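Engineer: Can you read through this structure? Questions will come right after.
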Amino acid sequence: MRFGESPHQPKGVCVRTEHLERVVIRFAGDSGDGMQLLGTRFTAETALAGNDLNTLPNYPAEIRAPLGSIGGVSSFQIHLANRDITTPGDKLDLLVAMNPAALKANIADLARGGILIADTDEFTTRNLTKAGYETDPLADGSPDDFQVIGVNMTALTVAAVEPFGLGRKDAQRSKNMFGLGLATWLYSRPPESTEAFLSQKFAKNESVMGANLAAFHAGYDYGEATEVFAVRYAIDPAPMQPGTYRQINGNRATAFGLMVGAHLAGVPLFLGSYPITPATDILHELSKRKGYGVTTFQAEDEIAGVGSAIGASYGGALGVTTTSGPGLSLKSEAIGLAVMLELPLVVVDVQRAGPSTGMPTKTEQGDLLQAIYGRHGESPAVVLAPVTPADCFDMAVEAARIALTYRTPVILLTDSYLSNGAEPWKVPDITTLPTIDPNFTTEVPESGYLPYARDPETLARYMAIPGTPGLEHRVGGLEKTLASQISTDPAVHEEMVRVRADKVARVADTIPDLVVHDPTGEATILLLGWGSTYGPVDAAYQRLSREGVNVATAMLRYVNPMPANLGEVLARFDTVVVPEVNLGQLATLIRARYLKDVVSFTHTGGQPISSIELKEFVQDYLKTKEASK
Amino acid sequence: MSGLDLVPQATTPTTRKDYVPANEVRWCPGCGDYSILATFQSVLPELGIPRENIVVVSGIGCSSRFPYYVDTYGVHSIHGRAPAIASGLAISRPDLSVFVVSGDGDALSIGGNHLIHALRRNMNLTILLLNNQIYGLTKGQYSPTSPLGSISKSSPFGSPDYPFDPVTLALGCDATFVARALDTDRAGLSSAILAGARHEGASLIEVYQNCMIFNDGAFAASKGPDANVLPLVDGEPLVWGEFGLVRNEYGQLVSARVAEVGIDAIVKHDPHRVDATQAFALSRLKDSVGASAPVPMGIFRDVERPSYEHVLRDQAASAHMDGDPTGHLQALLVGPDPWIVK
């Protein structure tokens with residue numbers, strides 16, 4: 001059945017179409033309601049419509065939390081616009097609540113005058129009680145500030161899918177597609193890609209395919225045929241550089257970046273990993289890629305994950321391990337071994353709210369100091385921090401380049417927000433990317449082979465891999481001479497400690513300078529973020545600019561070593577505000593390394609920083625500073 | 001099926017001397033490790049593979065200094081993790097013969113998790129577990145194989161820990177090759193190492209190793225003319241001295257005088273049996289025979305099962321895509337739902 005052949009033909013009600021610059025939408029329901037699929041599909045439609053977009057999925061840690069409970073609410077937020085945007089948005093223009101718990105958990109984020117669509121069939125006494133409502137908020141007028149649109153979604157869905165002979169439970173399961181259909185209509189999205197998607201996804205089960213398509217069409221037609229909505233909306237395409245685009249989330253971008261990094265170096269990619277939220281999707285993605293020469297090893301624990309990666313790197317592969325905070329702690333000793341052996345190693349830490357198990361599905365930037373310093377001894381490692389989901393690709397390629405070139409562990413710090421968030425990505429032509437030279441030693445040098453002799457420029461050691469005749473040697477965790485002979489000579493240790501540190505410091509020679517965004521060139525305040533705070537920093541900058549506050553912004557993507565021009569940049573500004581999703585770890589580092597008394601703005605609620613809060617913080621700070629003069 | 005199927009053959013034969021590096025060996029004088037090292041170096045040429053395709057990986061402990069003393073490629077890693085590191089290497093480099101040299105503390109205490117998983121996965125590794133029933137490098141604490149009640153620096157009142165038997169443990173992991181040998185028994189140790197290295201999958205060889213300094217004589221009963229040892233010989237009756245093993249009414253292996261029951265009544269050794277029951281019973285003779293039980297020496301189990309790497313290679317072969325890898329990768333990046341901005 002093609003779209004337009006639906007049994008529920010549009011009746012042709014005339015609605016006005018209003019063009020918006022940007023809109024923020026959140027779909028919320030029970031964790032079994034299929035909100036993530038709904039959101040992902042709406043995102044795909046939006047990408048095809050040519051809008052810029054940014055998404056934020058939010059789901060409970062429990063796989064099946066009690067039905068209808070606040071703890072079991074799963075949601076998906078999308079920000080779409082006709083221009084470049086960098087955050088999933090703060091206040092919502094539309095909230096779709098599939099039950100009372102979803103309403104309760106999300107209503108505070110709905111902007112005044114925003115639209116609330118609720119599935120009235122789920123607002124039963126039982127469900128209201130579970131959500132902690134004494135009376136029905138839809139009936140008693142409490143969401144008065146909003147345009148409340150009650151739709152008996154469950155009943156309409158069940159009726160629409162009736163011809164397909166599903167049981168009531170299965171029929172109800174399609175109501176996310178009803179919601180998707182309605183949103184697709186309301187925001188004038190092209191429906192064809194979802195139709196194609198459903199037809200392909202359920203190709204093997206015709207009745208499920210039919211039911212999902214029918215529910216999707218029923219939702220679309222509901223908007224078209226009823227007079228509930230006086231206005232529908234359209235968001236024009238955002239101007240973008242020419243090229244081929246797709247939407248991508250941070251975890252997939254990381255996986256692709258690792259694959260491309262290994263490809264550019266002509267070495268196999270090996271991933272040793274132990275399942276941990278929210279990093280596991282990288283393991284899932286790479287496990288599918290055997291046909292591309294990728295090897296994945298689901299290890300018995302975090303330590304074996306990194307251990308196997310070190311073994312693979314010793315054999316000449318790009319050894320990678322993926323994890324989240326608790327796993328990084330477990331891997332610390334082995335990362336120290338890789339520092340000592342001087343082997344390439346990429347460690348991806350998809351940060352989550354800690355310490356300990358913390359909030360495994362929520363975001364945080366709490367592992368920065370652990371990544372830089374969290375090992376025994378003087379154990380320097382390179383630390384990179386991508387700033388957007390798509391940037392995870394570029395920084396994963398960078399991680400591969402630096403690890404292979406310098407024979408060093410590189411820790412790639414992403415986070416839950418980046419890993420699950422999606423945005424459009426301009427797909428690079430990989431034939432145009434610079435190649436990486438692993439530069440393995442294959443011939444016996446005239447003066448004999450010294451495993452810890454170094455390239456004078458990069459200080460990378462000359463590395464020979466097993467199978468190379470004549471270069472047999474041993475490496476180990478004990479301190480050693482250039483010839484890899486065990487040594488307890490104080491002078492040898494002194495020299496080796498310093499040369500390992502110097503090598504990592506020299507990575508700064510091949511990384512780009514910190515780029516400062518200061519259009520007027522006259523700002524005296526700098527917002528200096530790192531990693532995923534890019535979105536909120538940029539959005540706060542936009543808000544401040546609109547209110548006449550002249551600020552500059554800069555994002556650290558290389559946090560160890562830091563860009564060579566950072567000291568000079570810091571000196572240029574009277575005030576440097578460092579926003580972080582932790583208690584001020586980067587601020588501590590900058591103060592210690594540059595003696596610059598930066599202003600720390602921190603937040604640890606498990607969610608990204610709110611650009612509104614950041615804006616207000618900057619304004620309050622400036623007011624206080626002014627007053628104290 | 002051999003664990004060396006994908007390892008190239010040596011173009012020129014190697015000799016023991018090729019495996020002796022210039023650096024000085026620094027174990028205590030009289031340490032059992034010396035004889036194990038000498039046997040290991042003399043066995044390697046018999047594998048017929050190039051020196052550069054051999055890698056020895058170790059953890060931490062006296063025995064873990066081993067790689068420094070074998071002139072091949074080698075990694076002296078961190079405590080307990082050698083099987084994990086060796087697994088990553090063996091998976092990504094099927095052209096290498098990878099050995100793990102470990103001790104009772106390294107393999108069974110801090111690294112117990114990695115050992116059991118390497119064994120159950122049937123990783124193509126040859127694991128030498130040098131068991132001296134003591135922590136030597138940290139100067140004499142009881143280990144996971146020290147007998148109950150052992151007096152040591154950390155157990156002045158006797159060790160309260162019930163010990164592991166490494167062979168029992170390995171069989172419990174469904175290891176496909178399990179053997180035991182004695183540091184001073186060059187012939188027995190040589191044949192165990194050779195068979196283990198040629199075996200496809202994980203081979204665990206427990207080597208009784210005497211620590212002169214902290215646990216001297218721990219294996220005295222297994223040595224010398226009066227050694228109470230049961231040699232495990234494929235197809236031969238399980239006999240030692242005047243005794244042999246017979247099955248009792250419960251199916252247990254118990255001792256009987258051969259002269260009384262006749263040699264035909266004695267149970268024969270068959271390490272190739274997939275059912276590991278008899279191998280397991282041999283590892284528990286103290287339970288069925290009692291305190292006078294001999295120590296079985298030789299190959300307990302040697303069965304065929306594809307290695308982890310073998311299964312992985314088959315998967316990779318079936319997933320392989322013909323044509324230009326760069327083109328395939330580019331198509332993957334673009335994905336099924338791209339859009340073009342002009």
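Engineer: Can you name the residue in the range A:591-629 that is of a type in the set (G, A, S) and either more than 28 Å from the chain's Cα centre (by Cα) or assigned to a helix (DSSP H, G or I) (or both) and is also modelled with the highest pLDDT among such residues?
Structural biologist: As a first pass, look at the range A:591-629 and keep what is of a type in the set (G, A, S): A:592, A:600, A:605-606, A:610-611, A:627-628.
Restricting the remaining residues to those that are either more than 28 Å from the chain's Cα centre (by Cα) or assigned to a helix (DSSP H, G or I) (or both) gives A:592, A:611, A:627-628.
Values: A:A592: 98, A:S611: 92, A:A627: 93, A:S628: 89.
Result: A:A592.
Engineer: Quick one: which of A:E423, A:E398, A:E378 is outside any loop (DSSP other than H, G, I, E, B), at pLDDT 95 or above and either of a type in the set (D, E, K, R) or surrounded by fewer than 24 Cβ atoms within 10 Å (Cβ to Cβ) (or both)?
Structural biologist: Residue meeting the stated conditions: A:E398.
Engineer: Being surrounded by 24 or more Cβ atoms within 10 Å (Cβ to Cβ), outside the structural domain of A:T86 (by TED's automatic domain parsing), modelled with pLDDT of 95 or more and not polar (S, T, N, Q) is the requirement here; does A:L213 meet it?
Structural biologist: no
Engineer: Within the range B:122-142, can one find any residue that is within 18 Å of A:V306 (Cβ to Cβ), in a helix (DSSP H, G or I) and either under 17 Å from the mean Cα position of the chain (by Cα) or away from chain A (no Cβ under 11 Å) (or both)?
Structural biologist: no
Engineer: Of the conditions (1) without any contact (Cβ under 8 Å) to a residue 60 or more places away in the chain; (2) surrounded by 22 or more Cβ atoms within 10 Å (Cβ to Cβ); (3) β-branched (V, I, T), A:T129 fails just one. Which one is it?
Structural biologist: Only one criterion in (1) without any contact (Cβ under 8 Å) to a residue 60 or more places away in the chain; (2) surrounded by 22 or more Cβ atoms within 10 Å (Cβ to Cβ); (3) β-branched (V, I, T) is unmet by A:T129, namely (2).
Engineer: From B:V75, B:V43, B:V25, grab the single residue that is more than 8 Å from chain A (Cβ to nearest Cβ) and farther than 20 Å from B:A195 by Cα.
Structural biologist: B:V25
Engineer: To continue, here is another question. If you scan the range A:458-472, which residues turn out to be more than 7 Å from chain B (Cβ to nearest Cβ) and not hydrophobic (A, V, I, L, M, F, W, C)?
Structural biologist: Going residue by residue through the range A:458-472, those that are more than 7 Å from chain B (Cβ to nearest Cβ) are A:458-465, A:470-471.
Within the range A:458-472, A:T458, A:R461, A:Y462, A:G470 meet the criteria.
Engineer: Next up: Out of the residues in the range A:497-528 that are among the β-branched types (V, I, T) and outside any loop (DSSP other than H, G, I, E, B), state the one that is farthest from the other protein chains (Cβ to nearest Cβ).
Structural biologist: A:I525
Engineer: Restricting to helices (runs of 4 or more DSSP H) lying wholly in the range A:243-358: which have 2 or more residues that are among the charged types (D, E, K, R) and surrounded by fewer than 24 Cβ atoms within 10 Å (Cβ to Cβ)?
Structural biologist: Because the criterion is at least 2 residues that are among the charged types (D, E, K, R) and surrounded by fewer than 24 Cβ atoms within 10 Å (Cβ to Cβ), the helices (runs of 4 or more DSSP H) in the range A:243-358 that meet it are A:280-287.
Engineer: Counting residues that are touching a residue at least 12 places away in the same chain (Cβ under 8 Å) and among the polar types (S, T, N, Q), which helices (runs of 4 or more DSSP H) fully inside the range B:145-261 reach at least 1?
Structural biologist: Because the criterion is at least 1 residues that are touching a residue at least 12 places away in the same chain (Cβ under 8 Å) and among the polar types (S, T, N, Q), the helices (runs of 4 or more DSSP H) in the range B:145-261 that meet it are B:166-172, B:186-198.
Let's see how each residue does on (1) under 19 Å from B:G105 (Cβ atoms); (2) under 20 Å from the mean Cα position of the chain (by Cα); (3) of a type outside the set (A, V, I, L, M, F, W, C):
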{"position": "B:T11", "(1), (2), (3)": "no, no, yes"}
{"position": "B:P21", "(1), (2), (3)": "no, no, yes"}
{"position": "B:F40", "(1), (2), (3)": "no, yes, no"}
{"position": "B:E46", "(1), (2), (3)": "no, yes, yes"}
{"position": "B:I54", "(1), (2), (3)": "no, yes, no"}
{"position": "B:G59", "(1), (2), (3)": "yes, yes, yes"}
{"position": "B:P83", "(1), (2), (3)": "yes, yes, yes"}
{"position": "B:G88", "(1), (2), (3)": "no, yes, yes"}
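Engineer: I would also like to ask the following. Only one residue in A:L583, A:L566, A:L595, A:L570 is buried (at least 21 other Cβ atoms within 10 Å of the Cβ), outside the structural domain of A:P389 (by TED's automatic domain parsing) and of a type outside the set (G, A, S), so which one is that? It would help to see each step written out before you state the result.
Structural biologist: Working: A:L583 fails: buried (at least 21 other Cβ atoms within 10 Å of the Cβ); A:L595 fails: buried (at least 21 other Cβ atoms within 10 Å of the Cβ); A:L570 fails: buried (at least 21 other Cβ atoms within 10 Å of the Cβ).
After applying the criteria, what remains is A:L566.
Engineer: Checking the conditions here, which among A:G319, A:G291 is touching a strand residue (DSSP E or B) at 6+ places or on another chain (Cβ under 6 Å) and within 10 Å of chain B (Cβ to nearest Cβ)? Spell out how you get there, then give the answer.
Structural biologist: Values: A:G291 fails: touching a strand residue (DSSP E or B) at 6+ places or on another chain (Cβ under 6 Å).
Checking each option against the conditions leaves just A:G319.
Engineer: Within the range A:440-456, is even one residue more than 30 Å from A:D281 (Cβ to Cβ) and not in a loop (DSSP other than H, G, I, E, B)?
Structural biologist: yes
Engineer: Give me the helices (runs of 4 or more DSSP H) completely within the range A:73-190, filtered to those with at least 3 residues that are in the same structural domain as A:L213 (by TED's automatic domain parsing) and under 30 Å from B:V341 (Cβ atoms), ordered by residue number.
Structural biologist: On the way: elements: A:100-106, A:125-130, A:153-161, A:168-173, A:175-186.
Because the criterion is at least 3 residues that are in the same structural domain as A:L213 (by TED's automatic domain parsing) and under 30 Å from B:V341 (Cβ atoms), the helices (runs of 4 or more DSSP H) in the range A:73-190 that meet it are A:175-186.
Engineer: While we're here: Answer yes if at least one residue in the range A:381-395 is surrounded by fewer than 24 Cβ atoms within 10 Å (Cβ to Cβ), part of a helix (DSSP H, G or I) and within 14 Å of chain B (Cβ to nearest Cβ), and no otherwise.
Structural biologist: yes
Engineer: State all residues of the range B:78-98 that are more than 7 Å from chain A (Cβ to nearest Cβ), in contact (Cβ under 8 Å) with a residue 60 or more places away in the chain and touching a strand residue (DSSP E or B) at 6+ places or on another chain (Cβ under 8 Å); if no residue qualifies, say none.
Structural biologist: Our first condition is that a residue be more than 7 Å from chain A (Cβ to nearest Cβ); within the range B:78-98, this holds for B:79-80, B:82-83, B:90, B:94, B:97-98.
Imposing the further condition that a residue be in contact (Cβ under 8 Å) with a residue 60 or more places away in the chain reduces the set to B:90, B:94, B:97.
Matches in the range B:78-98: B:A90, B:S97.
Engineer: Give the residue that is surrounded by the fewest Cβ atoms within 10 Å (Cβ to Cβ), with candidates limited to residues of the range B:309-325 that are assigned to a loop (DSSP other than H, G, I, E, B) and touching a helix residue (DSSP H, G or I) at 6+ places or on another chain (Cβ under 8 Å).
Structural biologist: The residue in question is B:H320.
Engineer: In addition: Take the residues in the range A:473-496 that are outside any loop (DSSP other than H, G, I, E, B) and among the small types (G, A, S), then tell me which one is farthest from the other protein chains (Cβ to nearest Cβ).
Structural biologist: The residue in question is A:A491.
The values are calculated or read from the model by the stated rules, or taken from the named source; none is laboratory data. Computed from a prediction, not measured in an experiment: that's the story for all the values here. No Cβ is skipped: glycine too gets one built from the backbone with ideal geometry, and neighbour counts run over all protein chains shown.
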